[in-house]
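Since the structure comes first, as structure tokens, the remarks are kept for the end.
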Amino acid sequence: MAKGKTKSKPKNKTKHKAKKSSSRPRTSRPPRGTKLPKDAVTLIVLLRPREGQEMLLEGELRALVGPTRKEDGCITYDLHRSAEGPTGFLLHEVWASREAHARHTNTPHFLRWNAGKDSLLASRDATYWKQVV
């Protein structure tokens, strides 16, 4: 081979780029049946929209899901709609500790939600739970 020239590798025409996953893997969510950490808390939040505010409420709640799932201490953050129609929503949240949930309530996305929620909600009921089995 001549000086200064390098041997090039043959091009593989069947080469495919790996597809990137569009969503972040939920590695913090324990497999079904797994015992949660000792300090973990579950928060169930039932939200009823004001009349005519169902779609706006759903949009605001959906906007919370992505950033909240990325927070340290968030194990589960799922939004459910009533199977009885667009009459209510349920947030099923599992946090590593009450402290982790308290940090969540000081994030920019939660503070934004909190500032505007009263105009969208007819009622809100939140209860904390601890896993038994």
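The values are calculated or read from the model by the stated rules, or taken from the named source; none is laboratory data. This one's a predicted model, so the numbers in the text were calculated from it and none came from an experiment. Note that we place each Cβ from the backbone using ideal geometry, even for glycine, and neighbour counts take in every protein chain shown.
Among the residues of the range 75-88, the ones that are out of contact with any helix residue (DSSP H, G or I) (no Cβ under 6 Å at 6 or more places or on another chain) and among the hydrophobic types (A, V, I, L, M, F, W, C) come to 2 in all. Answer yes or no: is there a residue in the range 51-60 that is in a strand (DSSP E or B) and either within 14 Å of the chain's Cα centre (by Cα) or farther than 24 Å from ASN106 by Cα (or both). No, there is no match, as no residue in the range 51-60 is in a strand (DSSP E or B) and either within 14 Å of the chain's Cα centre (by Cα) or farther than 24 Å from ASN106 by Cα (or both). The set of residues in the range 61-77 being among the charged types (D, E, K, R), surrounded by fewer than 15 Cβ atoms within 10 Å (Cβ to Cβ) and part of a helix (DSSP H, G or I) consists of ARG62 alone.
Could you grab me the full set of residues in the range 62-94 that are free of Cβ contacts under 8 Å to residues at least 24 places away in the same chain and either in contact with an Asp or Glu (Cβ under 6 Å, 6 or more places away or on another chain) or aliphatic (A, V, I, L, M) (or both)?
VAL65, TYR77, LEU79, ALA83
Within the range 118-133, residues that are under 17 Å from ILE75 (Cα atoms) have Cβ atoms under 8 Å from residues that are modelled with pLDDT under 95 and loosely packed, with under 12 Cβ neighbours inside 10 Å in these pairs: GLN131/LYS35; VAL133/LYS35, counting only partners at least 6 apart in sequence or on another chain.
When residues in the range 83-133 are screened for being farther than 28 Å from THR34 by Cβ and part of a loop (DSSP other than H, G, I, E, B), 7 of them pass. Scan the range 57-70 for residues that are out of contact with any His (no Cβ under 9 Å at 6 or more places or on another chain) and over 10 Å from LEU121 (Cα atoms) and jot them down. Once the filter is applied, which keeps residues that are out of contact with any His (no Cβ under 9 Å at 6 or more places or on another chain) and over 10 Å from LEU121 (Cα atoms), the range 57-70 yields GLU58, GLY59, GLU60, LEU61, ARG62, VAL65, ARG69, LYS70.
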